[in-house]
Structures are given as structure tokens and as C-alpha cells.
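Chemist: Take this structure, written in C-alpha cells, and hold onto it; I'll ask about it next.
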Amino acid sequence: MTALDVLLLFHSEAGDLEIESILQQAGAKRANDMHSSVTSQSQENHQHGQVPESNMTMEQSEVPTTHYRSRIDQLADYFRYKKGRDRASDVRTALLTIAVLIATATYQSGFSPPGGVWQDDKNDTPKHVAGQSVMGTKNSGSFFVFMFGNTIGFYTSLYMIYFLTNGFPLQLELQCSMFAITITYVSSMGTIAPSHQTVRTFTVLSIVLPLIIPLASRLFRQLKKRTADAPHNTSQEGV
């Protein structure tokens with residue numbers, strides 16, 4: 001894929017027409033055009049009886065299309081993060097957007113759990129109270145898995161927001177807002193929980209997870225760094 005291919009593939013900005021003109025004036029071509037010109041040149045040489053220096057036939061000189069990466073692989077490589085190419089501010093903005101989306105989705109799940117909530121009270125077996133989770137009443141195991149995973153996602157996204165906005169202005173207002181939505185999330189999850197045991201378990205998670213997530217994140221980074229440095233240290237010792 002050439003530079004002209006990438007430009008035409010994502011042709012959306014008004015200035016792209018000018019960039020395309022500049023590239024074409026500089027001699028830029030699309031990959032298909034380059035392949036066609038090579039094929040035409042080879043056919044012309046064959047008609048004039050010219051044999052390539054490598055003495056290879058047309059079939060041998062052409063690279064099979066299976067050797068080319070697919071378009072999906074090329075797009076994945078184009079959008080993949082590259083340290084020397086992508087700016088730190090752009091990466092932070094992307095991570096902050098993802099963290100906000102995760103926080104929004106997990107927060108909303110606390111108010112609208114899968115299966116909804118009961119709309120009335122019932123004293124017969126099985127008992128339930130209006131506002132409690134239907135899934136929690138009928139399948140406590142599945143509800144615990146949902147609650148555990150949703151809570152981890154919520155607190156991890158809040159930690160990412162805190163980490164990425166560290167040093168920003170209006171820190172007091174931001175921290176107060178994050179604390180407020182945490183309180184409402186805990187209150188909502190405690191309301192939809194179908195039993196006192198589930199409420200106690202969720203309360204413990206809400207206390208422990210905000211402390212464990214930063215420590216686990218830091219420990220994972222240190223472990224990853226040591227693993228990456230291990231081959232380098234081993235090679236130095238061998239020398």
C-alpha cells in the first residue's frame with residue numbers, strides 16, 4: 001500500500017485533494033498502477049525477445065498475491081499504535097475517551113441490570129422486592145459474576161480517568177464528581193442486590209477494589225519491565 005493508496009482510502013478532508021495533486025506531481029502511484037506497469041514492461045521485453053538478467057520467467061518474477069498482506073492486515077498495521085509516530089497527547093485523548101465510555105457503560109448497568117428489576121413486591125416463595133434485580137433473584141451465581149465484572153470495569157475506568165487527568169485544572173471539582181458517581185453506583189448496586197449476603201459482598205468489593213487496582217497496575221508494569229529487561233541483562237552477563 002503506497003501513500004497515495006492511504007490517502008484515497010481515507011479521503012474525507014477538503015485538503016486531501018491538494019495533497020493528492022502534490023503526490024501525483026511528485027510521481028506517486030497506487031500499488032495497482034505500479035504492478036500494472038511492471039507487468040506491461042515485462043510483456044514488452046518478452047515481445048522484443050529480451051531476457052531479464054536473472055533469467056527468470058514471468059511466472060517466477062511475479063510475486064504471488066498470497067505473499068502480500070491482506071488489506072485487513074495493512075489497515076491493522078496502519079491504525080496500530082507506534083511510539084515514534086503517534087503523539088503522547090493524541091494517545092492520552094484516545095485512552096481518556098475509552099475510559100469515559102467504559103465508565104458510562106458500567107455505570108448505566110448498575111441502574112439497568114440484565115433482565116431488569118422487579119416492579120412489585122412478592123411475599124411468596126421466591127420472595128422479591130420492587131427494585132431488586134430479576135437475574136439476581138432467579139440466578140444468584142450469574143448475578144454475582146455480572147456484579148463482579150461490572151464493578152471491576154467501573155473502578156478501573158475511574159482510575160484511568162484519574163491517572164490521565166492528573167495535573168489538570170479544576171482537580172477538586174473533578175475528584176468530587178468522581179466520588180459522587182461512585183457513591184451513586186454503590187447505592188444503586190446495593191439496591192438491586194437480591195440478598196443481604198450479596199450486598200455485603202458488594203460492599204467489600206467497593207472498598208477493596210479502589211485500593212487493589214492501582215497497586216495491581218503498578219505491580220504489573222514492574223513485572224512487565226523486568227521481563228523485558230531480562231534478556232538484555234542475560235546477554236550482558238554472557239559478555
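The values are calculated or read from the model by the stated rules, or taken from the named source; none is laboratory data. Model, not experiment: these values are computed from the prediction. Here Cβ is always computed from backbone atoms with ideal geometry, including for glycine, and neighbour counts include all displayed protein chains. Just so you know, the surface numbers come from the protein's heavy atoms only, side chains and all, with ligands and any DNA or RNA stripped out. Shrake-Rupley method; radii C 1.70, N 1.55, O 1.52, S 1.80 Å.
Chemist: LEU164 passes all but one of (1) in contact with a Lys or Arg (Cβ under 7 Å, 6 or more places away or on another chain); (2) under 19 Å from SER112 (Cα atoms); which number fails?
Modeler: Result: LEU164 fails condition (2) only.
Chemist: Can you tell me how many residues within region 111-134 are open to solvent by 40 Å² or more (accessible area, probe 1.4 Å) and of a type outside the set (Lys, Arg)?
Modeler: Of the residues in that region, 15 qualify.
Chemist: Could you tell me how many of the residues in region 96-110 are more than 16 Å from MET189 (Cβ to Cβ), surrounded by 14 or more Cβ atoms within 10 Å (Cβ to Cβ) and either hydroxyl-bearing (Ser, Thr, Tyr) or out of contact with any helix residue (DSSP H, G or I) (no Cβ under 6 Å at 6 or more places or on another chain) (or both)?
Modeler: 1
Chemist: Sticking with this one: Out of all the residues in region 184-192, is one or more more than 21 Å from the chain's Cα centre (by Cα), open to solvent by less than 40 Å² (accessible area, probe 1.4 Å) and among the β-branched types (Val, Ile, Thr)?
Modeler: First, pick out the residues of region 184-192 that are more than 21 Å from the chain's Cα centre (by Cα): 184-192.
Subsequent filtering for residues that are open to solvent by less than 40 Å² (accessible area, probe 1.4 Å) retains 185, 188-190, 192.
Still in the list and also among the β-branched types (Val, Ile, Thr): 192.
Among the residues of region 184-192, at least one is more than 21 Å from the chain's Cα centre (by Cα), open to solvent by less than 40 Å² (accessible area, probe 1.4 Å) and among the β-branched types (Val, Ile, Thr), which makes the answer yes.
Chemist: Looking at region 140-166 only, could you name the residues that are assigned to a loop (DSSP other than H, G, I, E, B) and either within 15 Å of THR191 (Cα to Cα) or open to solvent by 70 Å² or more (accessible area, probe 1.4 Å) (or both)?
Modeler: Listed by number, the list holds a single entry, ASN166.
Chemist: Follow-up question, since we're still on this one. Hey, among ILE181, ILE207, which residue is assigned to a helix (DSSP H, G or I), within 30 Å of ALA130 (Cβ to Cβ), open to solvent by 50 Å² or more (accessible area, probe 1.4 Å) and touching a Phe, Trp or Tyr at 6+ places or on another chain (Cβ under 8 Å)?
Modeler: Numbers: ILE207 fails: touching a Phe, Trp or Tyr at 6+ places or on another chain (Cβ under 8 Å).
After applying the criteria, what remains is ILE181.
Chemist: Quick one: would you say SER217 is part of a helix (DSSP H, G or I), of a type outside the set (A, V, I, L, M, F, W, C) and open to solvent by less than 50 Å² (accessible area, probe 1.4 Å)?
Modeler: yes
Chemist: May I ask you to list the residues in region 76-92 that are open to solvent by 80 Å² or more (accessible area, probe 1.4 Å) and of a type in the set (Ser, Thr, Tyr)?
Modeler: Scanning region 76-92 gives TYR78, TYR81.
Chemist: Residues SER206, SER157: which one is modelled with pLDDT under 90 and among the polar types (S, T, N, Q)?
Modeler: Criteria check complete, one pass: SER206.
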